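The values are calculated or read from the model by the stated rules, or taken from the named source; none is laboratory data. This one's a predicted model, so the numbers in the text were calculated from it and none came from an experiment. Neighbour counts are summed over all protein chains in view; Cβ atoms, including those assigned to glycine, are modelled from backbone coordinates with ideal geometry.
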């Protein structure tokens, strides 16, 4: 039988964190704050050691939270009635609502810059909803990774963790490979935190997740929850040449309340009157029904965005939208055609209130378990329908999972040396993982990447 060190590079840690985006960094920081003596190792396919990993580098720099003007219970009620269809884990939802401001204010101690006003208070936009939205440094992971290093967190970049090692039902390690040279890696640890994002469907460039963490957890026997709510869609702008544009330039975050048909009728008010936080299936259905009635194309009345009353809560946001629209060669004052655009946002690893999965020793934070936590209810992986709460969700789940994982690792450590890894188990996983390298015949570039 092969010896362990002959199968690959062997490393040890108390806690192995897979994924170095916001949730992974938060879990690493809070785990070290909970017990500085623990050896915490964070690995990522990208370059988490320098803050370049996860979705963070693609955020709009927005952080929504329950402000001092808001009642956390109103936030809970809004989520239950308007977003989650009462399928929320209300205990977890209430916990996030009541601690969201503390989490936001704590970021400054980690070196993350949030826009403050002349009085030194966080400067946020106040919407007609029970939360506010602040401007946050899009490069926040850079400062968080620096802070994590000061606490003693170790980093390894360009490492893809693929499978977990188990003894019975308990996780005792993981295996993966170096993405640049293929070197096989074997990790011995008592505790693993998955923080490597959701699965999307490679249709849009934005939020394109591979689902590696979901597959890892599934193969290890972890339960899943709320996978049926992963079919997120939004609106995309159709330009005269037929291209689809997602995001702020495409009307994805604004179209749902301002749809009009070819007759100039306000479709949004017809099917779902009032102001809503974001896209939902009712708006997509409104587009479909009007299309079937022969009232297409469906457009967005963009003139609303030139009206001062629309952004009375935060006029700076209107200025920003106009500047971005100019860059995209898209005047904000004219109508534009939209179609529903499928995105998908699947993060269904089931976790409890401490972010522990159903597999002992395995925790999951951030988008990999966003829906599986059930906090958002019947919605895709958060932020679901409140833009800016994606960062809050990552911070909240990371700050719950980090300390819980630290307590688990410390408890296991107190019982003495951990379990020995089985070379036969490692060999079997290595053979499966590297099987594509032995494949004969032609292979397209797309197949290879997949």
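Data overview
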{"item": "Close pairs from the range 282-308: first over 20 Å from residue 385 (Cα atoms), partner modelled with pLDDT of 85 or more and in a helix (DSSP H, G or I), Cβ under 7 Å, at least 6 apart", "result": "290/267; 296/290; 298/267; 298/287; 298/290; 298/291"}
{"item": "Test: residue in the range 358-365 that is modelled with pLDDT under 95 and in a loop (DSSP other than H, G, I, E, B)", "result": "no"}
{"item": "Unique residue being assigned to a helix (DSSP H, G or I), under 30 Å from residue 243 (Cα atoms) and either modelled with pLDDT of 90 or more or in contact with a strand residue (DSSP E or B) (Cβ under 7 Å, 6 or more places away or on another chain) (or both) when the list is 317, 296", "result": "317"}
{"item": "Any hit, the range 126-144, residues being touching a strand residue (DSSP E or B) at 6+ places or on another chain (Cβ under 8 Å), surrounded by 15 or more Cβ atoms within 10 Å (Cβ to Cβ) and without any contact (Cβ under 8 Å) to a residue 60 or more places away in the chain", "result": "no"}
{"item": "The range 5-24: number of residues that are surrounded by fewer than 16 Cβ atoms within 10 Å (Cβ to Cβ) and either within 19 Å of the chain's Cα centre (by Cα) or in contact (Cβ under 8 Å) with a residue 12 or more places away in the chain (or both)", "result": "2"}
{"item": "Residue check, residue 368 part of a loop (DSSP other than H, G, I, E, B) and assigned by TED's automatic domain parsing to the domain that holds residue 215", "result": "no"}
{"item": "Pair list, Cβ < 7 Å and 6+ apart or interchain, from the range 426-450 residues that are under 17 Å from residue 183 (Cα atoms) to residues that are in a helix (DSSP H, G or I) and modelled with pLDDT of 80 or more", "result": "426/4; 426/7; 427/7; 430/7"}
{"item": "Lone unmet requirement of (1) touching a helix residue (DSSP H, G or I) at 6+ places or on another chain (Cβ under 7 Å); (2) surrounded by 18 or more Cβ atoms within 10 Å (Cβ to Cβ); (3) modelled with pLDDT under 90 for residue 234", "result": "(1)"}
{"item": "Residues satisfying the stated conditions in the range 407-421, i.e. touching a strand residue (DSSP E or B) at 6+ places or on another chain (Cβ under 9 Å), free of Cβ contacts under 8 Å to residues at least 24 places away in the same chain and assigned to a helix (DSSP H, G or I)", "result": "none"}
{"item": "Scope the range 269-284; condition under 14 Å from residue 255 (Cβ atoms) and in a loop (DSSP other than H, G, I, E, B); matching residues", "result": "272, 275, 276, 277, 278, 279, 280"}
{"item": "Yes/no for residue 404 being in contact (Cβ under 8 Å) with a residue 60 or more places away in the chain and at negative phi", "result": "no"}
{"item": "Residue match in the range 425-438 (condition: outside the structural domain of residue 36 (by TED's automatic domain parsing) and part of a loop (DSSP other than H, G, I, E, B))", "result": "yes"}
{"item": "Flag for residue 196 being in contact with a helix residue (DSSP H, G or I) (Cβ under 8 Å, 6 or more places away or on another chain) and within 19 Å of residue 55 (Cβ to Cβ)", "result": "yes"}
{"item": "Filter result for the condition that a residue is assigned to a loop (DSSP other than H, G, I, E, B), modelled with pLDDT under 80 and either touching a strand residue (DSSP E or B) at 6+ places or on another chain (Cβ under 7 Å) or within 30 Å of residue 36 (Cα to Cα) (or both), over 353, 387", "result": "387"}
{"item": "The listed residue being more than 18 Å from residue 158 (Cα to Cα), crowded, with 24+ Cβ neighbours inside 10 Å and touching a helix residue (DSSP H, G or I) at 6+ places or on another chain (Cβ under 9 Å), out of 48, 53, 27", "result": "27"}
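Let's see how each residue does on (1) over 20 Å from residue 12 (Cα atoms); (2) surrounded by 13 or more Cβ atoms within 10 Å (Cβ to Cβ); (3) touching a helix residue (DSSP H, G or I) at 6+ places or on another chain (Cβ under 8 Å):
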| site | (1), (2), (3) |
| --- | --- |
| 378 | yes, yes, yes |
| 405 | no, yes, yes |
| 410 | no, yes, no |
| 419 | no, yes, no |
| 422 | no, yes, no |
| 430 | no, yes, yes |
| 445 | yes, no, no |
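Yes/no matrix, rows are residues, columns are (1) closer than 29 Å to residue 138 by Cβ; (2) without any contact (Cβ under 8 Å) to a residue 40 or more places away in the chain:
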site	(1), (2)
30	yes, no
39	no, no
44	yes, no
55	yes, no
67	yes, no
70	yes, no
85	no, no
90	no, yes
